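The values are calculated or read from the model by the stated rules, or taken from the named source; none is laboratory data. What you see is a predicted model, and the numbers here were worked out from it, not measured in a lab. All Cβ positions, even for glycine, are placed from backbone atoms using ideal geometry, and neighbour counts span all protein chains on display.
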Amino acid sequence: MTVWRAIGRFQMAIMGLSVLLCAPSSLRAQDTTAGKKVYVKWCAGCHGETGAGDGPAAAYMLPRPRNFTGAIYKIRTTASGQLPTDADMMRAIDQGLPGSAMPAWKGRLSDADRRAVLAYLKTFSSFFADTSQHVVELKFGSAPGGGSGAEALKVGRQFYDSIGCRKCHGDQGRGDGPSAPTLKDDAGFPIFAADLHQSWRFRGGASVEDVYRRLRTGLDGTPMPSFADLIDQKFLTDEQLWRLAQYVRSLSPARTPEVRDVIHAPRVGGGGGGGRGAGGTLPTAPDDSAWARVDRYWFPLVGQVIRKSRWFVPAIAGVWVQAVHDGQAVAVRVSWDDRSQSPDTAWLPFEKRVLETVASDDSGTSGAGLWPDQLALQFPRRIPAGMERPYFLMGTETDPVYQWRWVSSPAGGRVVTGLARGLERFDTLAGAEGAPGARSSYDHGEWRVVFTRSLATPDTANELQFEPGRAIPVAFFAWDGSSGEHGTRLAVSTWYFLALDQPTPPRVFISPVVAMALTLGLGVMVVLRAQRRGTAGSRG
């Protein structure tokens, strides 16, 4: 907490206490029955009956639910240390807070219910009772033009470095800076530095304007300060702060990635075929430039909360997947943001704080340790004829699934293949003929792993036989070792599909041309016959 934020909060506390003591009884006894009913039904489970952020579900969440009693709000349009406007609070209720457990309530609750619960939230803190305070929204102005240009982004990057953003967010903005393992909020809970490559998870919104507001106001209650004082001190100008916001926004995709059900793997090499990524040889290195020409697919991951011990706070939000094949083998590239190259001793104290903060279920606890990062790709043993697939959570004893499992340790990583018969059992498959290869790289908070395997293998009973033109079910699992993830503590996906595209037969291109020519020829013949008949009739 900055000095100015602390002073402002102290002043608010003194004023709030005096107002509460002097307020007429009618104000203190204001009827908030409607808002309380909404709060108890929908909010108290996380935020607690008294609004202290200590509901029964709170212990399973990271970040923790907001403690309303201190009136400290992250997402505001007011200065650091000041109360939010009603519009700020309603925006959080309506839109939720991405990257946290707070959902969007617009569409779930009526306008009247949302207004009522907003009024009730303000009763948890005496700060809101000070009617002499005039909560004022800051004036932010407009973004300067040319924000996506090279010069503007260069200026933004310069200030990203000079004001210390990289200390927490890392050199490339993936939340892996040298200070990241030490971060905690004002309540002492561990907190992750934001991954600036995933703007759809920004709590205050994903636009350049949203990012600029967070830079101006700070995120009260967290290590993220306001940079408004740097403008006052003339360390940077308002335009330069806008350039920083534009640079931060440029690190993420222009649009929120759409989750698509099918990964299309174009054919490369001598097989020909169309589609983006066609041509060349099968890329097997994670940093091969050929991957830049292959479409990427985003798949979100969620915590494994079905089997004990459950995990409600997965560190890996999703994976990017690309795939190609050459008719003989398939290559699948998976990349994901990870703040540490586990096992990493620098993150061990942070891991301990996470495990101390997040409650365990009744299956017992697991201490901190130097766990590796892991990734698993899952397939059925055979391509199903219909939509029937094995149980998504690593199969069952009687219907196992075929998996490729990559582990970051020892250095360089290794991959094993086997059959999973539920979360607790994995039977390694012997023999090297059908084993996939894997190459990996870690760079500035991002893992990239490429799996390669022949489409066909000798073990047709246990190993999936890839077939072009078929919809092949695939699922993904990930573990972040430095967050204490191992065993059943992991992030999971549902089933999706991998489709190895077939080359387009020449007849597909030739047939339409022939059909058009025949149609044109027949049309000409009909016209000529009609003209001849007309000429003959006129002579008669």
1 or more residues among the charged types (D, E, K, R) and at pLDDT 95 or above: qualifying strands (runs of 3 or more DSSP E) within region 291-341: 329-337
Residue check, residue 396 free of Cβ contacts under 8 Å to residues at least 60 places away in the same chain, loosely packed, with under 14 Cβ neighbours inside 10 Å and in the same structural domain as residue 292 (by TED's automatic domain parsing): no
Count - residues of region 255-273 that are over 30 Å from residue 80 (Cβ atoms) and assigned to a loop (DSSP other than H, G, I, E, B): 10
Region 164-197, subset out of contact with any Gly (no Cβ under 8 Å at 6 or more places or on another chain) and among the polar types (S, T, N, Q), residue farthest from residue 221 (Cα to Cα): 179
Residue 306 buried (at least 22 other Cβ atoms within 10 Å of the Cβ) and in the same structural domain as residue 447 (by TED's automatic domain parsing): no
Residue 346 modelled with pLDDT under 95 and over 23 Å from residue 300 (Cα atoms): no
Test: residue in region 281-289 that is in contact with an Asp or Glu (Cβ under 6 Å, 6 or more places away or on another chain), touching a residue at least 12 places away in the same chain (Cβ under 8 Å) and either closer than 30 Å to residue 180 by Cα or not assigned by TED's automatic domain parsing to the domain that holds residue 156 (or both): yes
Test result for residue 298, closer than 24 Å to residue 285 by Cβ, in the same structural domain as residue 438 (by TED's automatic domain parsing) and either surrounded by fewer than 16 Cβ atoms within 10 Å (Cβ to Cβ) or in contact with a Ser or Thr (Cβ under 7 Å, 6 or more places away or on another chain) (or both): no
Members of region 236-249 that are part of a loop (DSSP other than H, G, I, E, B) and touching a residue at least 12 places away in the same chain (Cβ under 8 Å): 236
Single condition residue 477 does not satisfy, out of (1) at pLDDT 95 or above; (2) not assigned by TED's automatic domain parsing to the domain that holds residue 404; (3) not small (Gly, Ala, Ser): (2)
Set 120, 160: member being within 25 Å of residue 95 (Cβ to Cβ) and assigned to a helix (DSSP H, G or I): 120
Among the candidates 85, 69, 50, residue that is in the same structural domain as residue 118 (by TED's automatic domain parsing) and either of a type in the set (Phe, Trp, Tyr) or touching a residue at least 60 places away in the same chain (Cβ under 8 Å) (or both): 50
Hits in region 399-425 (condition: buried (at least 19 other Cβ atoms within 10 Å of the Cβ) and in contact with a helix residue (DSSP H, G or I) (Cβ under 9 Å, 6 or more places away or on another chain)): 408
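Each row is one residue, and each column tells you yes or no for (1) assigned to a loop (DSSP other than H, G, I, E, B); (2) touching a residue at least 40 places away in the same chain (Cβ under 8 Å); (3) out of contact with any His (no Cβ under 8 Å at 6 or more places or on another chain).
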| site | (1), (2), (3) |
| --- | --- |
| 140 | yes, yes, yes |
| 148 | yes, yes, yes |
| 153 | no, yes, yes |
| 156 | no, yes, yes |
| 171 | yes, yes, no |
| 178 | yes, no, yes |
| 181 | no, yes, yes |
| 186 | yes, yes, yes |
Scan of region 59-77 for residues that are assigned to a helix (DSSP H, G or I) and buried (at least 19 other Cβ atoms within 10 Å of the Cβ), ordered by number: 60, 68, 70
Qualifying residues in region 91-102 (those that are buried (at least 18 other Cβ atoms within 10 Å of the Cβ) and in contact with a helix residue (DSSP H, G or I) (Cβ under 9 Å, 6 or more places away or on another chain)) - the one nearest to residue 312 (Cα to Cα): 102
